Amino acid sequence: MKSEEEILIEIGLRFKFLRKEKGFNSYEHFAIEHDLSRMHYWQIEKGKANITIRTLLNILKIHDCSIEDFFNLPINDEQQIKNKTSKK
């Protein structure tokens, strides 16, 4: 079973993937354009913040992505997840 930290990192990587798919290279531009707190959105993408269901659903709505599709997005960089969890 994955740790809470690993799950939060995976969620962040999925949001980063969706953001880049929408053409936003910068998390800041994405957050500003969609009226999200830049700091909180950055923390979510980095796996450093707990995310509420409400926030999750709000961001998924921006991406026009179902919760099922979101959790089925491929996360190919297992090494990146391991590196982020081992830095603490």
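The values are calculated or read from the model by the stated rules, or taken from the named source; none is laboratory data. Since this is a predicted model, take the numbers as computed values, not measurements. When we count neighbours, we look across all protein chains shown, and the Cβ atoms used for this are built from the backbone with ideal geometry, even at glycine.
Across region 21-31, the qualifying residues are those that are part of a helix (DSSP H, G or I) and in contact with a helix residue (DSSP H, G or I) (Cβ under 8 Å, 6 or more places away or on another chain), and the one among them that is surrounded by the most Cβ atoms within 10 Å (Cβ to Cβ) is F30.
Here S3 meets each of (1) of a type in the set (G, A, S); (2) at pLDDT below 95; (3) in contact with a Phe, Trp or Tyr (Cβ under 7 Å, 6 or more places away or on another chain) with one exception, condition (3).
Of all residues in region 1-20, those being part of a helix (DSSP H, G or I) and without any contact (Cβ under 8 Å) to a residue 12 or more places away in the chain number 3. Every listed requirement among (1) touching a Cys at 6+ places or on another chain (Cβ under 9 Å); (2) more than 19 Å from N72 (Cβ to Cβ) is met by H29 save one, (1). Checking each residue in region 49-64 for being in a loop (DSSP other than H, G, I, E, B) and surrounded by fewer than 16 Cβ atoms within 10 Å (Cβ to Cβ) picks out N50, T52, D64. Entry remark, region 32-45: residues being outside any helix (DSSP H, G or I) and either within 17 Å of L73 (Cβ to Cβ) or out of contact with any helix residue (DSSP H, G or I) (no Cβ under 9 Å at 6 or more places or on another chain) (or both) number 1 in total. Screening K46 with (1) surrounded by 13 or more Cβ atoms within 10 Å (Cβ to Cβ); (2) modelled with pLDDT under 90 gives one miss only, at (2). Output the residue which, of all residues in region 1-19 that are surrounded by fewer than 13 Cβ atoms within 10 Å (Cβ to Cβ) and not hydroxyl-bearing (S, T, Y), is nearest to N58 (Cα to Cα). Per the criteria, the residue is E4.
Taking residues in region 59-88 that are at pLDDT 65 or above, and partners anywhere that are surrounded by 10 or more Cβ atoms within 10 Å (Cβ to Cβ) and among the aromatic types (F, W, Y), the pairs with Cβ atoms closer than 7 Å and at least 6 places apart or on different chains are I59/F15; L60/F70; L73/F17.
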